[in-house]
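Following: one structure in structure tokens, then a few remarks.
The values are calculated or read from the model by the stated rules, or taken from the named source; none is laboratory data. Note that the structure is a prediction, hence the values are computed from the model and not measured. With ideal geometry, Cβ positions are generated from the backbone for all residues, glycine too; neighbour counts draw on all protein chains shown.
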Amino acid sequence: MSCQVFVLDGVTLTIERGTTIYAMPVGSPASEAPALVVEQGGRLMAEGTAADPITFTAFNPEETDDSTVVTDTGASVVDTVLETRGKWGGLILLGRAPTSAGSYASNFIEGISGRPYGGSDPADSSGSLKYVRVWHGGAAIGADNEINGITFGGVGSGTTVEHCEVAFNLDDGFEFFGGTVNVKWLSVLFVGDDAFDSDEGYQGKGQFLFAMTGEDGNHGTEMDSKTGGNLNSQPRSHPAFYSMTILGGGSAASGANADGLMRLREGTGGSFGNVVLAYGSGIGVRNDDCGSESRGITLLPEQFPDFLFFSPNNVIYGASTPFSYGSGAKTCSSAGFAARLADPGFAGVSAACLDYTCLGSSFSPLPTAGSEMCSGAIDSSTDPFYEGVACKGAFASPSDNWLSEYSWLACAGKMAGSTCAGIAPSPFAQLQADGQTIARLGGDVDSATTLSADTSYLLTSQLFISASLTIPPGTTIYAMPTGQAPGDVAPAIVVEQGGRLIAEGTAVRPITMTTVLSEAALASSEQAQTDTANPGLTNLGERGKWGGLVLLGRAPTSAGSYASNFIEGISGKPYGGSDPGDSSGSLKYVRVWHGGAIIGADNEINGITFGGVGSGTTVEHCEVALNLDDGFEFFGGTVNVKWLSALFVGDDAFDVDEGYQGSGQFLFAMVGVDGNHGTEIDSKTGGNLNSQPRSHPAFYSMTIIGGGTRSARDSNAIMRLREGTGGKFGNVILANAGGQHTGVEVRDCGSETRTQDLPAPSVSIGQVGTPDSGYLFFSKNNVVAGANPPFSFDRGCPDEGWQAVYADPGIYGCFYEDGCGGGGSGRLDPRPTCGGSGWTGVDDPPPSFFAPVSYKGAFGAGNLWLEDWSYLAEQDRLATSARAASSTSAATSARTRPSSRRRRTSCRARSSSWTASRSPSSGAPRSTPCRSAAPPPRRPRSSSSRAAG
């Protein structure tokens, strides 16, 4: 739930049993905490069961911190620290039953403006709540202004409320603003203010009410009636609450807790029988600021509602002052209240532990047989609403544990006799690791802006950068899933023409852009509804959870009129121009995970998209993992790239279109089970196979691991070169073709030359010139292992008789998304075996941009540049002794690594490395001269570099 949701007059919202609604910690706008509001005339049918309750809770609820909670203010950056309370709003029902607040049209609940409550129909119905849990709410929306857990504003007796719980709310648990709604089996746990609060003439009934104030709470009840300064305003509040247990916080409780476990004030009436008050730190019942109501220990139904009855059979235990009638001007005369001042006889309650921080599985607030609660006079009523009981307090008998299946106490293992299986883990990433604050991103960045690594950013919409945005090392941006309603757009970060993104991380402090869903949730095949305003369901799973990163520049493309060139999913933001040296900023150690949201039929956003991006842009050490569409896509432009990784994307790892003419070195891709091609290089624009500029990616030092025998796309080529493309490809390793995939497919040719002899630098690459200019070079020294066939030429492309090195390069480990069962066999070493085909016949790449190398593929012996920051490293999927033995500290992780510019990398430098796992050809473990025989121990993931999930 990302915002305030309103159930309008005449509308019924039905929530099925077992449903969980997770609320965002920041409202939209920030001053409006996410909440579910049932307006007058609306109906909420939320009927769970004990085994399948309905839960409203926060993204990240189960963390604690000693810091002050300041949540959902109007500030752009919101201090939502790791705490259990105040993470979102709450549940609010607004009805047409009477209140004492006067003009109903102007009665509004705090935090919910323009939505009135109250009227003249005491039997009005707002629906039905059964087995509903509201946890971790009460967001602060102003000074001393928080939302209650469940608020009833003028709600009538036609509404059913049974077996509901509020836990860890920052303000009150249940609050009744007038109305006549009756309630049964309610529990309030560890809220920040009062458990049960009544105001403005509330005249409902309640039975089986349980509350624990803990050390931080205020009162168990705060019952008021005064309205507009009138202590005798009508209707007078008269809650008739029987069978109630309130446990205070004992001697460790805050000062407010000492002010009365029950506070009855401001002219309230009421009837209270079979009540048990225990372990208050001071006063048991405080009755002050009285009006003209009668007060005493005799039930006076004929004077309803102008009396306050407190049964002498009630039990008060542990209060130094059982009854207080106030002080100063608000002092009331003695009402002669009395109670049983004795140990109630709980089955398992210790005065030394009354807070959630210390409770254990032996805790039980139930009565014991023969105890004070189950002996002596017990109040009864002829009103059919009330059930007969054998004991006082919230539990009718020693065996009546109605909390056992669904309460937070039961599910958190804090209660004896629990049958709850536990609290389901949140499906969301921890937004506030290490005490971070939260800020929301979306809209426009039209002035120079710098983010903070100490803030968790929640991307709720498309973010357009027309100025400069700087992202420091270690920053994580979590994106909301795409809404399912027509017209919804996927959250994405878009750098417009003229804008600049300076995102420069490090190996141990990368910058991460990922989904707000946790890694654990993404392994599920379940579905979730991600925005309550939208009717559709979003499948959990690893791909397509949000949009991606899009850079739009002014470098040349072949797409014609630049003003009308738009990236799919990003409307009205053009790309392309006439400046090949244009700069869109700098990307270093940037990770884009789980993106590629579907925005239409066969229309998804790529992980990182370059639209007409110029060579003035720096792109190094970037990764796209588990994107639903392509990994990196280049729509024209001239941007150069180094050290790129594309892992397990749903389409192509590297995709080129519209005349892209940049260079790339050290490129790595794993196709996996579901991927398409390692490369799909196109040039055709507007139906013209010879459109200019002709695409000419110069990609050297590239390793692509195909889908092999497990591929869901049986015969797709590992590399696809088509539609008139040119290019240069040298020091390439294509592996794990599995004997069923084509190595390189060339199709739909134009008039470009296709050759295995590298033309001189003076030969045109098709930048500007005649339609037959340009060439496609594929080195005969490239490794194409296990492909069947190694090359195919089709659809207008004559067979050129190309050759390659076919010997296995000796890349071992697991090549698939699922980790191949874990253990040592689940790790990967993508470096070629020393002395093998990856170390002989190495091409000298063209000068300037490219670094000299002594090996083929993306990795040399001592140059596994994925360590520390790649998704593979985060998942402990890299088989390297250096990573396995390294410390979990960031300082140790930042070890010295070989320079990629080193003139020659000795194969002997790899002698301490290891791979002993399945050979892609035989499946048998194999060791090499560069690898020891035994795997290193698994290395725990470093918290310093872990950014998501």
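Of all residues in region 399-413 being touching a Ser or Thr at 6+ places or on another chain (Cβ under 7 Å) and part of a loop (DSSP other than H, G, I, E, B), which is surrounded by the most Cβ atoms within 10 Å (Cβ to Cβ)?
The first filter runs over region 399-413 and keeps only residues touching a Ser or Thr at 6+ places or on another chain (Cβ under 7 Å), leaving 403-405, 407, 410, 413.
Then drop every residue that is not part of a loop (DSSP other than H, G, I, E, B), which leaves 403-405, 407, 413.
Values: LEU403: 27, SER404: 19, GLU405: 19, SER407: 24, GLY413: 14.
Top of the filtered list is LEU403.
The residues listed here are SER271, SER294, SER237, SER198; of these, the one that is surrounded by fewer than 24 Cβ atoms within 10 Å (Cβ to Cβ), farther than 29 Å from SER399 by Cα and at pLDDT 95 or above is SER294.
Table: residues versus (1) polar (S, T, N, Q); (2) farther than 30 Å from ALA123 by Cβ; (3) at pLDDT 60 or above; (4) out of contact with any Ser or Thr (no Cβ under 6 Å at 6 or more places or on another chain).
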position	(1), (2), (3), (4)
ALA30	no, yes, no, yes
ALA33	no, yes, yes, yes
ASP52	no, no, yes, yes
ASP79	no, yes, no, no
GLU83	no, yes, no, yes
GLY89	no, no, yes, yes
LEU93	no, no, yes, no
THR99	yes, no, yes, yes
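Give me the residue from region 805-840 that is in a loop (DSSP other than H, G, I, E, B) and acidic (Asp, Glu) and, out of that set, farthest from MET670 (Cα to Cα). So, considering only residues that are in a loop (DSSP other than H, G, I, E, B) and acidic (Asp, Glu), the one farthest from MET670 (Cα to Cα) is ASP808. Among the residues making up region 340-362, those that are touching a strand residue (DSSP E or B) at 6+ places or on another chain (Cβ under 8 Å), hydrophobic (A, V, I, L, M, F, W, C) and assigned to a loop (DSSP other than H, G, I, E, B) are LEU341, ALA342, VAL349, LEU354, LEU359.
Put simply, of ASP818, ASP808, ASP844, ASP799 the only residue that is surrounded by fewer than 16 Cβ atoms within 10 Å (Cβ to Cβ), under 26 Å from TYR871 (Cα atoms) and outside the structural domain of GLN692 (by TED's automatic domain parsing) is ASP818. Would you mind stating whether ALA625 is over 24 Å from LEU689 (Cα atoms) and modelled with pLDDT under 95? It is false that ALA625 is over 24 Å from LEU689 (Cα atoms) and modelled with pLDDT under 95.
Looking at SER364 and the list (1) over 32 Å from the mean Cα position of the chain (by Cα); (2) among the small types (Gly, Ala, Ser); (3) farther than 24 Å from ILE316 by Cα; (4) in the same structural domain as SER243 (by TED's automatic domain parsing), which single condition is not satisfied? The one condition SER364 does not meet is (3).
For region 561-591, name all the residues that are touching a Leu at 6+ places or on another chain (Cβ under 9 Å) and more than 18 Å from SER466 (Cα to Cα). Within region 561-591, just VAL590 meets the criteria. Scanning region 214-228 for residues that are under 22 Å from GLY118 (Cβ atoms) and either charged (D, E, K, R) or over 46 Å from the mean Cα position of the chain (by Cα) (or both) yields GLU222, ASP224, LYS226.
Scanning region 173-187 for residues that are surrounded by fewer than 24 Cβ atoms within 10 Å (Cβ to Cβ) and either in a loop (DSSP other than H, G, I, E, B) or in contact with a Ser or Thr (Cβ under 7 Å, 6 or more places away or on another chain) (or both) yields a single hit, ASN182. Taken as a whole, the structure leaves PHE610 outside the set of residues that are among the aromatic types (Phe, Trp, Tyr), out of contact with any helix residue (DSSP H, G or I) (no Cβ under 9 Å at 6 or more places or on another chain), farther than 20 Å from GLN462 by Cα and crowded, with 24+ Cβ neighbours inside 10 Å. Listed by first and then second residue, the pairs with beta-carbon distance under 6 Å, at least 6 apart or on different chains, first residue in region 438-466 and surrounded by 20 or more Cβ atoms within 10 Å (Cβ to Cβ) and modelled with pLDDT of 95 or more, second in a strand (DSSP E or B) and among the small types (Gly, Ala, Ser), are LEU463/GLY442.
Highlighted here are the strands (runs of 3 or more DSSP E) found entirely within region 634-730 that include at least 3 residues which are over 23 Å from ARG754 (Cβ atoms): 640-647, 663-670. Elements of the type strands (runs of 3 or more DSSP E) sitting completely within region 552-622 and holding at least 2 residues that are over 20 Å from GLY664 (Cβ atoms): these cover 598-600.
Can you say whether LYS330 is surrounded by fewer than 20 Cβ atoms within 10 Å (Cβ to Cβ) and among the basic types (Lys, Arg), as far as the supplied structure shows?
On the way: surrounded by fewer than 20 Cβ atoms within 10 Å (Cβ to Cβ): yes; among the basic types (Lys, Arg): yes.
Yes: the conditions hold for LYS330.
Could you pull out every one of the strands (runs of 3 or more DSSP E) wholly within region 243-333 that has 2 or more residues that are in contact (Cβ under 8 Å) with a residue 40 or more places away in the chain, under 49 Å from the mean Cα position of the chain (by Cα) and under 21 Å from GLY192 (Cβ atoms)? Step through it out loud before you land on a result.
Details: elements: 262-265, 270-278, 283-288, 294-296, 307-310, 315-317, 321-324.
It comes to 262-265, 270-278, 283-288.
Identify the residue in region 841-877 that is of a type in the set (Asp, Glu) and part of a loop (DSSP other than H, G, I, E, B) and, among all such residues, is modelled with the lowest pLDDT.
The qualifying residue modelled with the lowest pLDDT is ASP876.
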